[in-house]
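Trainee: Following this message is one structure expressed as C-alpha cells.
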Amino acid sequence: MNTNTDSSGSLDRLAAEEFPVTENHIYLNHAAISPWPERARRAVQAFAEGITRDGSLHFQDWQETERSLRERIRDLLNASGTETIALVPNTSAGLSLVAAGLDWRPGDNVVITDSEFPSNRMPWEALAGQGVEVREALCTPAGDADCEGNILRLVDDRTRVVSVSSVQFGTGRALDLERIGQALSGSDTAFCVDAIQSLGAFPFDLEAIRADFVAADGHKWLLGPEGLGLFYCAPQWLERLHLHQWGWHMAEPFGDFDAREWRPATTARRFEPGTPNTPSNHALEASLSLLQEVGIVRVAERIQARVEYLIEGLSALSDAEFISPVDAGLRAGILNVRFGGRTDKVYQALREGGVQVLTRAGGIRFAPHFYNRYSELDRVLEIVRGA
C-alpha cells in the first residue's frame with residue numbers, strides 16, 4: 001500500500017484535470033510518446049477552429065505563440081536568450097545540424113557512449129566517408145561503469161565533439177553532464193547533448209553544464225507533439241556551423257520577400273529554413289506552460305518519488321533484476337527491469353491490464369511522469385506479482 005503522499009492536493013487535482021488518459025490507461029511510457037495534457041488539445045483545437053473560420057486573420061497571434069514558446073524553452077534550458085534557440089523537426093535534425101555543419105578532417109573523432117539511441121549515433125557514423133572515427137565509451141552495465149570517466153578518457157587532441165544523451169533511453173542511466181562539460185570547457189572539443197530523455201522531467205542548467213549544443217524533441221517528457229523539437233546553439237558557434245538548408249525564414253532582412261540581397265540570420269533562426277510548424281507550436285507552448293506552472297523542480301521530485309516507489313515494490317520480487325541503476329544519483333525517470341524467465345509474460349500481463357510500457361534493452365521500461373498516481377503504481381505491482 002502507498003504510504004507516500006504529496007503535500008499539494010491541488011497539484012493532484014490539476015494533474016487529474018489535465019490527463020484524461022488516466023481514465024483508460026496506466027500510462028508509464030513517457031520515455032517513448034507521451035499523452036498531451038488537456039490544455040495542449042484545447043490550444044490546437046482553438047487554432048484549427050480559427051484557421052478554418054478565419055484563414056490567416058490571426059497570424060500575429062500565431063507569431064506571439066511562437067515567441068512565447070521560445071521564451072518557455074529558454075527558461076527550461078536556463079539559456080541566456082531566445083536568439084540561441086531554433087525550432088527544428090526533431091532531435092535527429094538538431095544533432096544533424098552539428099554533424100553536417102563542422103569542418104571535418106580525416107583523423108578527427110567523435111566520442112559517444114555504447115548505449116546511444118540511433119539519433120545520437122547515426123549522424124556521427126555517417127561521417128566515416130570523411131575519415132571521422134566514432135569512439136564508444138563503455139557505459140554498461142548502467143549501475144557500475146564510470147561512464148563519465150570512460151567518456152573523458154577517450155578524448156584526445158583530435159576529438160572534435162563529445163555527444164552524449166543526458167539519460168540513456170534503454171538503461172535509464174543519467175549522466176553527470178556538469179562533470180563532462182567542466183572537463184571540456186576551454187578545450188577545442190565541442191560538447192553536444194541529446195536531452196530528449198530528461199528535458200521536461202528534470203532541471204537543465206546550461207550555465208552549469210556548459211553545453212555547446214543541445215537537441216530534444218517535444219513528444220516525450222515535454223508532453224508535446226511529435227514533429228517539433230528544439231536546438232540550442234551556443235553564441236560562439238552560431239556562425240561557425242555551415243548551413244545546408246536555405247529558405248525565406250532563415251534570411252535577413254526578415255519578411256522582405258522582394259529582397260535580392262540577403263544573408264543568413266545571425267541568431268539560431270538561421271537553422272530554420274522554412275515555414276514554422278504552427279499547430280505544433282501551439283501544442284508545445286501549452287504543454288510547457290503546464291510544466292512551468294507545476295515547476296520543473298516539483299516535477300522532478302514527483303518523478304523521482306514514483307520511480308523510488310516502483311523500485312521498493314519490485315525489489316521484493318526474487319526474480320526482479322534492475323537494468324537501470326537504483327542509486328538515486330545515477331537514475332532519472334526510466335526504470336528498466338527484467339523478471340528472469342517471465343519477462344515476456346509480465347509484459348503481456350501489463351499490456352492486457354491497461355498498463356502502457358515498452359520493452360527495451362532486454363527488460364520492461366517503466367517511465368512515470370509527475371501526474372501518475374500511487375494507486376496506479378500499486379496496480380502495476382499487483383499485475384507484475386501475479387503474472
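Trainee: On a C-alpha basis, how far is the centre of the stretch 43-102 from the centre of the stretch 135-189 in Å? Whole number, if you could?
Mentor: Computed from Cα coordinates, the inter-centre distance equals 30 Å.
Trainee: So what is the relative contact order of the chain, in percent, for Cα pairs below 8 Å that sit 6 or more residues apart? Please list the in-between numbers first.
Mentor: On the way: 725 pairs, mean separation 86.3, N = 387.
The value is 22 percent.
Trainee: Using only protein heavy atoms and a 1.4 Å probe, report how much of Arg173 is accessible, in Å² to the nearest 10.
Mentor: In the full protein context, Arg173 sits at about 10 Å².
Trainee: How much of Arg373 can a 1.4 Å solvent probe reach, expressed as accessible area in Å² and rounded to 10?
Mentor: Accessible surface of Arg373 is approximately 100 Å².
Trainee: Only helices at least 20 Å long along their axis, Cα-based, and averaging 0.0 or more on Kyte-Doolittle count here, so list those DSSP H runs from the chain.
Mentor: Result, helices passing both filters: 278-294, 296-315.
Trainee: Out of Asp256, Asp75, Asp212, any idea which swings most in a Gaussian network model of the chain, alpha carbons joined below 10 Å?
Mentor: Between Asp256, Asp75, Asp212, it is Asp256 that shows the largest mean-square fluctuation.
Trainee: Still on this model: Pick from Asn150, Asn90, Asn24 the residue whose mean-square fluctuation is largest in a GNM of the chain, springs joining Cα atoms under 10 Å.
Mentor: Most flexible of the set in this elastic network: Asn24.
Trainee: Please state the relative contact order of the stretch 109-185 as a whole percent: Cα pairs under 8 Å, 6+ residues apart?
Mentor: 37
Trainee: Going by the alpha-carbon gyration tensor, a ≥ b ≥ c the square roots of its eigenvalues, is the chain rounded (a/c under 1.5) or, if a/c is not under 1.5, prolate (a/b greater than b/c) versus oblate?
Mentor: oblate
Trainee: What does the C-alpha gyration tensor say about the overall shape of the stretch 266-387? Classify as rounded when a/c is under 1.5, otherwise prolate if a/b is larger than b/c, or oblate.
Mentor: In terms of gyration-tensor shape, prolate.
Trainee: Normalising by the residue count of the stretch 209-361, find the relative contact order in percent from Cα pairs under 8 Å and 6+ residues apart.
Mentor: It comes to 15 percent, rounded to a whole number.
Trainee: Now, a different point. Can you give me the accessible area per residue for the chain, using a 1.4 Å probe, in Å²?
Mentor: Normalised by residue count, the accessible surface of the chain is 43 Å².
Trainee: Here is a further query. Hey, could you grab the Kirkwood Rh for the stretch 213-330? Inverse mean 1/r over distinct alpha carbon pairs, Å, one decimal. Each step should come with its number before you reach the end.
Mentor: Working: mean 1/r = 0.0553 Å⁻¹.
After inverting the mean inverse Cα-Cα distance, the result is 18.1 Å.
Trainee: Search the structure for amide H atoms under 5 Å from the amide H of Ser324, placed 1.01 Å from N in the peptide plane, and list their residues when 5 or more places away or on another chain.
Mentor: Residues meeting the amide H criterion: Asn336.
Trainee: A further question on this structure: Among Ser68, Ser324, Ser198, whose mean-square fluctuation peaks in a Gaussian network model of the chain (Cα, cutoff 10 Å)?
Mentor: Ser68
Trainee: Rounded, prolate or oblate: which fits the stretch 1-87 when a ≥ b ≥ c are the square roots of the eigenvalues of the alpha-carbon gyration tensor, with rounded for a/c under 1.5 and prolate only if a/b beats b/c?
Mentor: Values: a/c = 2.48, a/b = 1.48, b/c = 1.67.
Because a/c hits 1.5 or more and a/b fails to exceed b/c, the stretch 1-87 counts as oblate.
Trainee: Run the accessible area of the chain with a 1.4 Å probe and give the carbon-and-sulfur part as a rounded percent.
Mentor: Carbon plus sulfur share of accessible area: 48 percent.
The values are calculated or read from the model by the stated rules, or taken from the named source; none is laboratory data. This one's a predicted model, so the numbers in the text were calculated from it and none came from an experiment. Calculation scope for accessible area: heavy atoms of the full protein, side chains included, ligands and nucleic acids excluded. Shrake-Rupley method; radii C 1.70, N 1.55, O 1.52, S 1.80 Å.
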